[in-house]
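Q: Quick one: structure below, then a few questions.
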Amino acid sequence: SPTDLVPLLDRIIDMLKPEAEERHIDIVRSHPAQKLNAFVDPNRITQVFYNLLVNAMRYTSSGGRISIRITDSSHDESHFASVSIADTGVGIASEQLPFLFDRFYRVEESRSRHTGGMGLGLAIAKEFVEAHRGFISVQSEVGRGTQFTVYLPCA
Ligand code: ATP
Ligand code: MG
């Protein structure tokens with residue numbers, strides 16, 4: 001059965017609230033006009049958004065902002081919901097972007113070492129999204145921030 005993405009995302013945001021508050025990171029979510037019911041396995045899609053939001057927190061310094069936008073991006077015969085997660089963090093250089101979803105890939109191991117992590121979160125996210133016949137894209141600018149967008153088939 002279809003899953004409403006709004007409460008699913010709200011539950012993840014609630015999990016991250018304490019750390020966000022401690023680090024003075026603002027998490028803002030825009031409300032879509034109506035319910036967005038996607039054909040997804042709620043557990044797997046929770047893992048996808050959790051991985052993306054943990055990254056946004058981890059690679060954004062105190063005082064930053066994470067913006068989550070849920071929209072209906074259907075056109076013609078294709079029905080998709082899109083969820084974008086934008087942060088005001090360190091950003092990613094364009095030459096790194098092609099490798100970002102590879103298993104065990106981490107940008108500048110030296111920079112990332114103190115932040116921990118295996119380099120698996122994005123590989124898993126991409127795998128799960130594509131298993132739902134969805135897709136994931138990234139845009140980033142060093143020093144300004146990063147935006148991931150997940151497209152999922154919806155009702
Ligand atoms: P894991 O998710 O396994 O704990 P990880 O966060 O290092 O470890 P990924 O989530 O796959 O691994 O991300 C890969 C790399 O992409 C990260 O090491 C980081 O360098 C970069 N990255 C991911 N998300 C962001 C972001 N929002 N801003 C800046 N860099 C990011
Ligand atoms: Mg990660």
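Q: How much length, in nm to one decimal, is gained on full extension between R44 and E130, taken as 0.36 nm per residue of separation minus their Cα-Cα distance?
A: Additional length available on full extension: 29.8 nm.
Q: Which one of M15, S78, F128 is farthest out on the positive end of the charge dipole of the chain, using unit charges on Cβ (Lys, Arg +1; Asp, Glu -1) and the Cα centre as origin?
A: Going by the Cα projections, it comes out as M15.
Q: To continue, here is another question. What is the Cα centroid distance between the range 57-87 and the range 12-42, reported in whole angstrom?
A: 10 Å
Q: Mind checking which of Y105, Y50, Y59 has the largest fluctuation in a GNM of the chain, springs on alpha carbons under 10 Å?
A: Answer for the Gaussian network model of the chain: Y105.
Q: Also, quick follow-up: Would you mind calculating the relative contact order of the range 36-100 from Cα pairs under 8 angstrom and at least 6 residues apart, reporting the percent as a whole number?
A: 32 percent
Q: Would you calculate a helix-derived [θ] at 222 nm for the chain, using -39,500 (n - 2.57) for each DSSP H run of n ≥ 4 and dividing by the full residue count, to the nearest 500?
A: Roughly -10500 deg cm²/dmol at 222 nm, from the helical runs in the chain.
Q: First check a/c for the range 41-84, with a ≥ b ≥ c the square roots of the eigenvalues of its C-alpha gyration tensor; if it is under 1.5, answer rounded, and if not, answer prolate when a/b is larger than b/c or oblate otherwise.
A: On the way: a/c = 4.37, a/b = 1.76, b/c = 2.48.
Since a/c reaches 1.5 but b/c is at least a/b, the shape of the range 41-84 is classed as oblate.
Q: Can you give me the Rg/Rh ratio for the chain, using Cα atoms for both radii and the Kirkwood formula for Rh?
A: Over the Cα atoms of the chain, Rg/Rh equals 0.95.
Q: Based on Cβ point charges of +1 for Lys and Arg and -1 for Asp and Glu, what charge dipole magnitude is obtained for the range 1-150 about its Cα centre, in debye rounded to the nearest 20?
A: 260 debye
Laboratory data are not the source of any read-out in this text; all were calculated from the coordinates shown. Predicted model only: the values in this text are computed from it and were never measured. Note: ideal-geometry Cβ built from the backbone for every residue, glycine included; neighbour counts use all protein chains shown.
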